[in-house]
Amino acid sequence: MLCSGVIYRRNRRRNSAGDTSRRRRAKQLVRDSVAALRSGRVDFRLLVISKALVKDGTESYSNRQAHVELADKIRQRDPSKAPKVGERVPYVYVAREKGANACDRAEDPLFAMEASMPLDVEYYVEHQLKQPLLRVFEPVLGLSPKKTEEELFGFGGSPSSSQKVVSKAPAGGGGGIGKFLKTKKRCLAPGCRNFEQESGNAFCHTCAADPSRLQQAYLAVLEVMRPLEVETSKLLSQCMRCEGSSRRLHVSCTNIDCPIFFRRQQAWRELNDAKESLCKIPSLATQW
């Protein structure tokens with residue numbers, strides 16, 4: 001009996017330790033996922049929402065519907081691409097001015113990517129993740145709703161100061177004073193927080209006068225370009241095998257359900273941006 005009691009208590013301690021470890025891993029998984037979303041490291045495809053278009057026209061609905069209004073918006077841009085009744089309308093939430101309705105935030109995924117529209121990641125956190133996760137973790141962690149929210153999403157559910165939030169609306173877009181503002185790019189030299197010169201030079205005055213800083217920028221851009229060139233080549237080969245053609249894929253392939261569709265578009269844009277940055281670096285940076 002004594003041996004049985006010892007074994008029983010030992011197994012209970014093991015199970016308790018295992019439960020604590022699993023809870024800790026689950027909590028860390030949520031934290032890492034939210035941090036990845038807030039820093040823009042989540043696959044674009046995972047943020048696409050879709051709903052079926054049951055009736056045609058916004059006047060057919062008693063309340064505003066994001067996918068219905070987006071379908072009308074697409075029809076105004078290009079009638080040939082407008083969703084038809086019975087089809088699903090994919091959309092993402094993009095950053096708008098504060099207080100904008102969800103219907104105003106909904107945008108066509110491909111249009112948003114091509115226009116470099118920033119996603120409203122805090123809207124995803126607040127309306128897509130927070131409530132379901134709180135319902136699951138409150139009984140698991142045994143904490144109050146407020147404490148559970150702080151454990152999973154940070155203090156008050158807001159991002160910490162060390163996290164990069166990419167949900168800000170573009171300065172030139174939206175309403176209010178934002179339409180009169182002009183954005184400025186940062187200096188291309190790694191680690192420099194100054195803005196580029198007004199003349200269009202990609203470097204600030206300090207870095208532009210330092211050849212070593214120009215060389216560092218050149219190497220940093222090359223380091224970004226190399227893996228992108230490999231990735232775009234692999235994605236292109238995969239699309240060509242699937243399509244059986246060497247035509248321009250962004251015209252011929254429109255299957256947004258493809259696992260690599262958005263990544264292919266995004267990788268090409270990132271590679272082109274890196275090439276443009278490389279062209280802005282003076283030729284003397286390559287001579288050492």
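Bear in mind these aren't lab numbers, they're just calculated from the coordinates by the rules spelled out. Remember, it's a predicted structure, so these values are computed and weren't measured experimentally. Quick reminder, even Gly has a Cβ in these numbers, built from the backbone with ideal geometry, and neighbours come from all protein chains shown.
Here are some notes:
- Looking at the stretch 14-106, the chymotrypsin sites (Phe, Trp or Tyr not before Pro) that sit in a DSSP loop and have at most 16 other Cβ atoms within 10 Å of their own Cβ are Y61.
- Cβ-based net charge around E150, under 14 Å, with every Lys or Arg adding one and every Asp or Glu removing one: +2
- Per-residue Cβ neighbour rank within 10 angstrom, fewest leading, D56, D108: D56, D108
- Segment V136-Q197, length gained on full extension (0.36 nm per residue, minus Cα span): 16.9 nm
- FRET efficiency for the pair A36 and H127, taken as 1/(1 + (r/R0)^6) with r the Cβ-Cβ distance and R0 = 30 Å, rounds to 0.95.
- In this structure the amide hydrogen of V89, modeled in the peptide plane, comes within under 5 Å of the amide hydrogens of K51, A52, L53, none closer than 5 places in sequence on its chain.
- Under-5 Å amide H pairs with F203, H placed in peptide plane, nonlocal only: L188, Q197
- Residues in the stretch 215-237 reached by a label modelled at K275 [backbone nitrogen below 11 Å; 7 Å Cα→Cβ]: 229
- Neighbours of R77 by Cβ distance under 15 Å: Lys/Arg scored +1, Asp/Glu scored -1, total -3.
- Size descriptors for the stretch 44-118 (Cα atoms only): Rg and Dmax, in that order, 12.0, 33 Å.
- With contacts taken as Cα pairs under 8 Å at a separation of at least 6 residues, the stretch 44-118 carries a relative contact order of 32 percent.
- Formal net charge of residues neighbouring Y124 (Cβ-Cβ distance under 12 Å; K, R +1; D, E -1): 0
- The distance from the alpha carbon centre of the stretch 20-92 to that of the stretch 124-157 is 22 Å, rounded to a whole number.
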